[in-house]
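The values are calculated or read from the model by the stated rules, or taken from the named source; none is laboratory data. Computed from a predicted model, the values in this text were never measured in an experiment. Counting neighbours? That spans all protein chains shown, and the Cβs are built from the backbone with ideal geometry, glycine included. Protein only, heavy atoms only, side chains kept; ligands, DNA and RNA dropped before computing areas. Shrake-Rupley method; radii C 1.70, N 1.55, O 1.52, S 1.80 Å.
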Amino acid sequence: MKKNNYFRNIALMGVLGIALVVCVVVKAYNPMGVLPKLDLPNMVLLSLLALLLDHYLISGVKRCDGLVALFAALTFAALPWAAGFSDGWQILKLAVAGGVVFFLTAWLFGSMEDRLSSGPAAKLAPVFSALGLYLAAQCFAGILL
């Protein structure tokens, strides 16, 4: 694939969009069903799925970290609003939390994958790194509550 500086954000938009479409379909066919909230562990899970797509499809691209955080904030604000899951102040809260979570997750995932995936034998190292980060995010969310 062509070296795209914004593929990380495009992957985040795709993953979040697919998750929201699934939630809309489930809500349409089962209005009494309980849907997962967009909280810290779920934001980290969506971010890690986008980062794994970015790692396996396009790797080694220099990015501007400020723009990555800004586009992630816009993604986490605009897509749930368009799907009808947020309004008012929730949009601003999702934007700030989503931008910070995606930036920190991308930074931690990038530093872990640089150290772990050395050589051709380490094909699954990013997957195990993502699993460890997701478990750490769940522990951190448990500490905050």
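Structure values in brief
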item	result
Residues of region 122-138 satisfying the condition of being over 9 Å from Met112 (Cβ atoms) and either touching a Pro at 6+ places or on another chain (Cβ under 7 Å) or of a type in the set (Ser, Thr, Tyr) (or both)	Tyr134, Ala137, Gln138
Residues within region 7-54 that are open to solvent by 40 Å² or more (accessible area, probe 1.4 Å) and either in a helix (DSSP H, G or I) or touching a Lys or Arg at 6+ places or on another chain (Cβ under 7 Å) (or both), tallied	17
Residues satisfying the stated conditions in region 87-109, i.e. of a type in the set (Gly, Ala, Ser) and without any contact (Cβ under 8 Å) to a residue 40 or more places away in the chain	Gly88, Ala95, Gly99
